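Before any comments, here is the structure.
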Amino acid sequence: MANRTEHDTMGAIQVPADALWGAQTERSRQNFTIGREFMPQAMIHAFARLKKACAAVNRQMTLLDDHRADLIIRVCDEILNGDHDSQFPLHVWQTGSGTQTNMNLNEVIANRAALLDGKKLDETRPIHPNDHVNKSQSSNDTFPAAMHIAAVFQIHDTLLPEVDRMRLTLEKKSREFSQIIKIGRTHLQDATPLTLGQEISGWEAMIQSSREQILQSLETLYPLAIGGTAVGTGLNAPQGFGKAVAQELARSTGHPFTQMENTFHGLTGHDQIVFTSGALKGLAANLMKIANDVRWLASGPRCGIGELNIPANEPGSSIMPGKINPTQTEAATMVACQVMGNDAAIGFAASQGNFELNVFKPVIIHNLLQSVTLLADTIASFTSHCLAGITPNIPVIERHLKNSLMLVTALAPHIGYDNAARIAKKALADGMTLKEAAAKLDLVQPGQFDEWVNPETMILGRK
Ligand SMILES: O=C(O)C[C@H](O)C(=O)O
């Protein structure tokens, strides 16, 4: 493969001839071949938005001439358009400040700008990666700002629409099944009845609650560290630079970005991402619980609980003919485990770093964005391929309801807890119905029993 020679302050280095990146990216590419995780595209695009806003503000503050600012902005638009996705080859496992990814952006923008300006990739570029593209900036304030921007976009554009769709699907199912009375279960034991609609309304409310918690977390992400430069003081950036860049981003993206009140905090602490990951963990916990309930209620088809039918999407077994498995719930619960693991890694990483800088930034944003993507995708899949197709298995639901011993609870106000317990125990021990046991013990006459033990009057009016 043909190479060209590029230079940085360390000296010369060979770079693939047509690569838009330069010497510093190439050094990272060679020095950090760790794992298979690359800097997420959402981060690259967030950086492009940020560099574009920085160029606009540098121009307003007369630090960049029109020609250079226009070129930088044009390249950022091309990056956002996906034209240069292959030019960002760096791994997550690199310097903890993300400097090499910041320089990857600076170099690609400078080199592509040279081509747009009619020059060659031969270092005669009109734009310098550090002096112009990185003007008034450091990795230490741009990388954390890009982390927040990437998280906001990814949550807003991919996760929230799927969360909404799942909630609406559950709401529809809850309404559809509002008249189906079934037995409740607590501690995995028979309990008093409720409707299937009420049971699903609990799941719907859990998803709504997660949605609200995620929206609260977005509020913590809008403030950006930009303007703090190397240690938070803003050295080499003009007064008001960070505020103006945040305003420009708010104008161009429609998200209410601001400059963080304390930029020292923005560089050295990532509690906002810990908080956001906590909200995602809450969603993962709710997803785990709902998917588990669905697969238990659908267990069988002959030897399980069997109260729900779920869509038969694919053969479940390579050896057992005709077997159908609850595969969507398995994917969803695996994702929930991964999100909880990511949350633990984010918590550890955010608690680290010394003095003015947290140097665990790439691992923090890699884990957060992976959680968002996995949750968005699995929720979409679980909703379309499972939840939307759930139907009740009425004969099984009715059989379980009639068999349940805990309908006896309705007798307690009439004959007392102790007598009601005697009826339940006798019915269980002698294999008879509650009604038969009540008559045998001479505690409740059959007519009274039918009047008092009526599942329809035991579900109250809620939802
Ligand atoms: O890359 C920078 O702008 C700063 C770097 O992370 C450092 O603090 O050494």
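Can you confirm whether K119 is within 16 Å of the ligand (Cβ to nearest atom) and among the basic types (K, R)? No; evaluated as a whole, the condition is false for this residue. The set of residues in segment 84-126 that are in contact with a Leu (Cβ under 7 Å, 6 or more places away or on another chain) and over 13 Å from L20 (Cα atoms) comprises S97, Q100, T101, D117. None of E330, E307 is crowded, with 16+ Cβ neighbours inside 10 Å and on the phi < 0 side of the Ramachandran plot except E307. For segment 244-261, the condition holds for no residue, the condition being that it is closer than 17 Å to Q137 by Cβ, basic (K, R), outside the structural domain of I364 (by TED's automatic domain parsing) and part of a helix (DSSP H, G or I).
All conditions but one from (1) within 16 Å of the ligand (Cβ to nearest atom); (2) in a helix (DSSP H, G or I); (3) in the same structural domain as I290 (by TED's automatic domain parsing) apply to L160; the one that does not is (1). Whenever a residue of segment 228-248 is more than 18 Å from H132 (Cα to Cα), its partners that are acidic (D, E) and within 11 Å of the ligand (Cβ to nearest atom), lying with C-beta atoms within less than 9 angstrom and at least six residues away or across chains, give the pairs V231/E356; G232/D141; G232/E356.
Within segment 415-459, count every residue that is of a type in the set (D, E) and surrounded by 15 or more Cβ atoms within 10 Å (Cβ to Cβ).
The number of residues fulfilling the criteria is 1.
Give me a count of the residues in segment 174-233 that are assigned to a strand (DSSP E or B), among the hydroxyl-bearing types (S, T, Y) and in contact with a helix residue (DSSP H, G or I) (Cβ under 8 Å, 6 or more places away or on another chain).
1
The set of residues in segment 226-253 being away from the ligand (no atom under 16 Å from the Cβ) and surrounded by fewer than 20 Cβ atoms within 10 Å (Cβ to Cβ) consists of P238, Q239, G240, K243, Q247, A250, R251, S252, T253.
Consider C303 carefully, then state whether it is farther than 30 Å from I44 by Cβ and at pLDDT 95 or above. In short, yes.
The values are calculated or read from the model by the stated rules, or taken from the named source; none is laboratory data. Bear in mind the structure is a predicted one, so any value in this text is a computation, not a measurement. Note that we place each Cβ from the backbone using ideal geometry, even for glycine, and neighbour counts take in every protein chain shown.
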